[in-house]
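Working notes, beginning with the structure itself.
The values are calculated or read from the model by the stated rules, or taken from the named source; none is laboratory data. Model, not experiment: these values are computed from the prediction. No Cβ is skipped: glycine too gets one built from the backbone with ideal geometry, and neighbour counts run over all protein chains shown. For accessibility, only protein heavy atoms count, side chains too; no ligands or nucleic acids. Shrake-Rupley method; radii C 1.70, N 1.55, O 1.52, S 1.80 Å.
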Amino acid sequence: MSKKSVQPLLDQSLCFAVYSAGLAFNRLYKPILDPLGLTYPQYLVMMALWEKDGQGVGELGDLLFLESNTLTPLIKRLEAAGLVKRARDTEDERQVRVSLTASGRELLKQASCVPMQVLEASGMSIEQVVRLRNSVAGLRDNLRAAAEA
């Protein structure tokens, strides 16, 4: 079976729609997160720690799809801001664990309104957002598997 060559059209490209949606998310999050003193990537790290405190750097990297050379500077800035602390794992000193400080836990109260602000900006219902999130996560997983094959 032969594959037809197709002229790529930017506005019909799935990858461009996902990419430009990511840029739009970043623009939306900036004024929401600025009062919290967080960038969007830092917010993702905090979300992961609010969900499960005391994670290893490798565990956080896997969860957030970030390499340690990207994640470590984020964690260092969060530590400098007094939101997290790093410590060597007592059972395996090669591992570094990241834990919330009292200030980091307290920040969750201020950040709890962020998801609703994003939902409102999306113009979608919770059900629509959940379906879209599941579709995009499935797409991500399929693409990652294809890239690793």
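Couple of notes before you dig in:
- Accessible surface of VAL136, taken over heavy atoms with a 1.4 Å probe and every protein chain present, rounds to 70 Å².
- Across segment 55-123, Cα-Cα pairs more than 13 Å apart make up 70 percent of the total.
- Protein-only accessible surface order, largest first, of SER68, SER13 at 1.4 Å: SER68, SER13
- The Cα atoms of the chain define a convex hull whose projected area, averaged across directions, is 12.4 nm².
- Sequence of LEU63, LEU28, LEU78 when ordered by accessible area, the most exposed leading, probe 1.4 angstrom: LEU63, LEU28, LEU78
- Inter-part distance where segment 80-115 and segment 1-70 are each reduced to a Cα centre, Å: 20
- The Kirkwood hydrodynamic radius of segment 1-67, based on inverse pair distances between different Cα atoms, is 14.9 Å.
- Estimated from helices alone, the mean residue ellipticity of the chain at 222 nm is -20500 deg cm²/dmol (sum of -39500 (n - 2.57) over DSSP H runs with n ≥ 4, per residue).
- Net charge, GLY82 excluded, C-beta distance under 14 Å - Lys, Arg +1, Asp, Glu -1: +3
- Take every pair of alpha-carbon atoms less than 8 Å apart whose residues are at least six positions apart; their mean separation over the length of segment 1-97 yields a relative contact order of 17 percent.
- Lysine pairs in the chain with Cα atoms under 23 Å, if 8 or more residues apart or on separate chains: 8
- For the chain: accessible area per residue (Å², 1.4 Å): 72
- When the chain is treated as a GNM with alpha-carbon contacts under 10 Å, the residue of GLN12, GLN117, GLN55 showing the greatest mean-square fluctuation is GLN12.
- Surface share of carbon and sulfur [accessible, 1.4 angstrom probe, percent] for the chain: 57
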